[in-house]
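Before any comments, here is the structure.
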Amino acid sequence: MGDVAAIILAAGLSRRMGARNKLLLPVGRVPMIRHMVDTYRAIATHSVLVVTGHEATEIEAALAGSGATTLFNPDFADGQPTSVACGLRAADGVDTMVIGLGDQPLLTGGDLRALLAAHQAADRDRISIPRWDEQRGNPIVVPGSLRARLLADPTSPGCKKFTRTFPEHVQFHALSAPGFYADIDTPEAYDALVLAGWEETS
């Protein structure tokens with residue numbers, strides 16, 4: 001499969017969380033975005049790229065010493081596709097890219113390894129997406145062979161439109177781990193995480 005780069009999207013405005021930036025809230029003993037970088041290091045043999053935007057300075061400070069490379073997306077307010085494109089452009093020449101979200105703390109290194117194993121056992125030239133009970137999850141695995149095509153449409157770069165327009169380039173994997181399908185984007189979701197006595201796993 002060659003080198004694997006992780007692209008973590010951390011540029012959003014975090015509006016649904018209210019006054020707090022969800023990526024800076026503590027998960028275990030570290031900010032959520034730092035925890036996500038630590039999780040993705042389990043599978044990233046090339047690099048961990050974190051795309052920033054909203055409160056970029058604070059996100060970068062939370063990642064100091066983590067080994068991650070931060071990429072500022074000046075167009076972050078235009079939506080997630082621009083952040084995906086920012087990460088893809090920085091991953092030039094990488095064989096495999098795992099594109100994920102910065103707010104999925106239930107995701108584990110084992111989950112990521114299972115997704116990569118499923119991708120490797122299937123068609124490595126397709127985009128791999130976890131799915132369970134018709135729910136699509138994150139992260140997704142993108143082969144380097146599709147990178148140029150994902151960046152070709154300047155009005156809608158990235159994966160969302162592409163995967164729906166060209167389903168022949170997509171494959172789904174039945175993976176039931178809850179981390180693929182749970183994000184923390186509201187105060188209620190974060191409070192539930194804390195009340196559940198969440199502990200770091202890998």
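Bear in mind these aren't lab numbers, they're just calculated from the coordinates by the rules spelled out. Since we're looking at a predicted model, the values are computed, not measured. Methodologically, a virtual Cβ is constructed for each residue, glycine included, from the backbone with ideal geometry; neighbour enumeration extends over all protein chains shown.
Cβ-Cβ contacts under 7 Å between residues 6 or more apart (or on different chains), taken from a first residue in segment 66-89 that is under 17 Å from residue 161 (Cα atoms) to a second residue that is surrounded by 13 or more Cβ atoms within 10 Å (Cβ to Cβ) and of a type in the set (Val, Ile, Thr), are listed as 83/51; 84/99; 86/51; 87/7; 87/51; 87/99.
Of all residues in segment 132-143, those being in contact with a strand residue (DSSP E or B) (Cβ under 8 Å, 6 or more places away or on another chain) and surrounded by fewer than 17 Cβ atoms within 10 Å (Cβ to Cβ) number 2.
Taking the criterion of being crowded, with 20+ Cβ neighbours inside 10 Å and of a type in the set (S, T, N, Q), the only residue of segment 48-59 that qualifies is 52. When 174, 152 are checked against the criterion of being closer than 22 Å to residue 79 by Cα and hydrophobic (A, V, I, L, M, F, W, C), a single residue qualifies: 152.
Just for segment 1-50: of the residues that are in a loop (DSSP other than H, G, I, E, B) and in contact with a Phe, Trp or Tyr (Cβ under 9 Å, 6 or more places away or on another chain), which one is nearest to residue 88 (Cα to Cα)? Only one residue fits best here, namely 11. For first residues located in segment 32-47 and in contact (Cβ under 8 Å) with a residue 40 or more places away in the chain and surrounded by fewer than 21 Cβ atoms within 10 Å (Cβ to Cβ), partners that are of a type in the set (S, T, N, Q) and not in a helix (DSSP H, G or I) and lie 6+ apart or on another chain with Cβ distances below 7 Å form the pairs 42/202; 47/69. Name every residue in segment 67-106 that is within 19 Å of residue 23 (Cβ to Cβ), assigned to a loop (DSSP other than H, G, I, E, B) and not polar (S, T, N, Q), in order of residue number. Correct list: 67, 68, 74, 75, 79, 102, 103, 105, 106.
Summed over segment 95-121, residues that are of a type in the set (A, V, I, L, M), more than 12 Å from residue 140 (Cβ to Cβ) and surrounded by fewer than 23 Cβ atoms within 10 Å (Cβ to Cβ) total 4. Inside segment 6-26, residues that are of a type in the set (A, V, I, L, M, F, W, C) and surrounded by fewer than 22 Cβ atoms within 10 Å (Cβ to Cβ) make up a count of 5.
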